[in-house]
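Reviewing the structure listed below.
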Amino acid sequence: LSATLLLAGAGASRAQSEPPVQALLEPGYMLSVGEVVDAARWRHAEAVMGAEGETLVTDRSQTPFDLVHVPRVVEGRSLATGDLVQFFRLERRIDDPVTDEALGTLLLPTGAGRVESLDGETAAVRVTDAFHAVLVGDRVRVVTESDMTAPAPAFAGGPGGRIVAFQEEKAIHPPFDKLFLRADVAGSAAPGQVVELYRPGPVRDGVQLPDVVLGKAMVVRGGGTLVAAVTYELDRADLAPGDLYRPVIEASD
């Protein structure tokens, strides 16, 4: 951003004018961003049935340019040559780190592919992207036109909330890690919006020390109280579920 970023409500300010990292809103990247979903919705989804050149080791990972076989009918519709599909797994349950409330299950995208040919009850799909190991048994869903349309940036502002989970669990988080935020107010975090990640400062001798700023992230999928975001500028790498976030706006000229 060209202007200095300040916290919402601090001095004269104006609304954020544009996303700081436009590439994070591109359709190709969005296919790699997971969701917190109701597992029952996807538990019986169609799955990758096999792969070209497959050996007796059926769980070997597939990589770009590999050919895999999936059911011809996915989500109740017959696939056609050229259709784009996403491979995914239901990875783990996500709970609120503060309230222990069950929020859903992590839908982890493992890759994407394009239908190359049809043969009876199956379709041959060429893997185009592998975000993780693509395995026989991974579930499949059709990528629709709306999935490939970059969301229009909407800078909603709002009171903030907290980090509830990371797409990949690890002790140290580098820039461009994906995370899930729970907003205090539904709809208060929208695609393109910058948020500051922070931790309340400790109290020493009865004095509240300043907040510990951890870095910044950009919301890439909004709606409701659970949103997906991506870190892009970090002051510290020890982020964890339960850390807080608040919207950031630009200083006025």
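Excluding ligands, DNA and RNA, the accessible surface per residue across region 167-249 is 42 Å² with a 1.4 Å probe. The residues packed around Leu197, meaning those with a beta-carbon under 12 Å from its beta-carbon, carry a net charge of -2 if Lys and Arg are +1 and Asp and Glu are -1.
Ignoring ligands and nucleic acids, what accessible area does Arg114 show with a 1.4 Å probe (Å², nearest 10)? Spelled out: Arg114, probe radius 1.4 Å, area about 110 Å².
Working from the Cα coordinates of region 101-228, the gyration tensor eigenvalues give, after taking √(5λ), semi-axes of 37, 17, 13 Å in decreasing order.
Between Val127, Val248, Val207, the Cα set farthest toward the positive side of the dipole of the chain (charges on each charged residue's Cβ, about the Cα centre) is that of Val207. Placing unit charges on the Cβ atoms only, positive for Lys and Arg and negative for Asp and Glu, gives region 103-253 a dipole magnitude near 260 debye about its Cα centre.
Taking Ser117, Ser146, Ser32 as the candidate residues, the one with maximal mean-square fluctuation in a Gaussian network model of the chain, Cα springs under 10 Å, is Ser146. Element breakdown for region 18-143 at a 1.4 angstrom probe: carbon and sulfur atoms account for 49% of the accessible area. If one computes P(r) from the Cα atoms of the chain, what percent of pairs lie at distances over 35 Å? The proportion of pairs with Cα distances above 35 Å equals 23 percent. Within the listed set Asp129, Asp95, Asp211, the Gaussian network model of the chain (springs between alpha-carbon atoms below 10 Å) gives the highest mean-square fluctuation for Asp211.
The values are calculated or read from the model by the stated rules, or taken from the named source; none is laboratory data. None of the values given here were measured: they were computed from a predicted structure. Don't worry about glycine lacking a Cβ; one is built from the backbone with ideal geometry, like all the others, and counts go over all protein chains shown. Note: accessible area is taken over every heavy atom of the protein model, side chains too, but ligands, DNA and RNA are not part of it. Shrake-Rupley method; radii C 1.70, N 1.55, O 1.52, S 1.80 Å.
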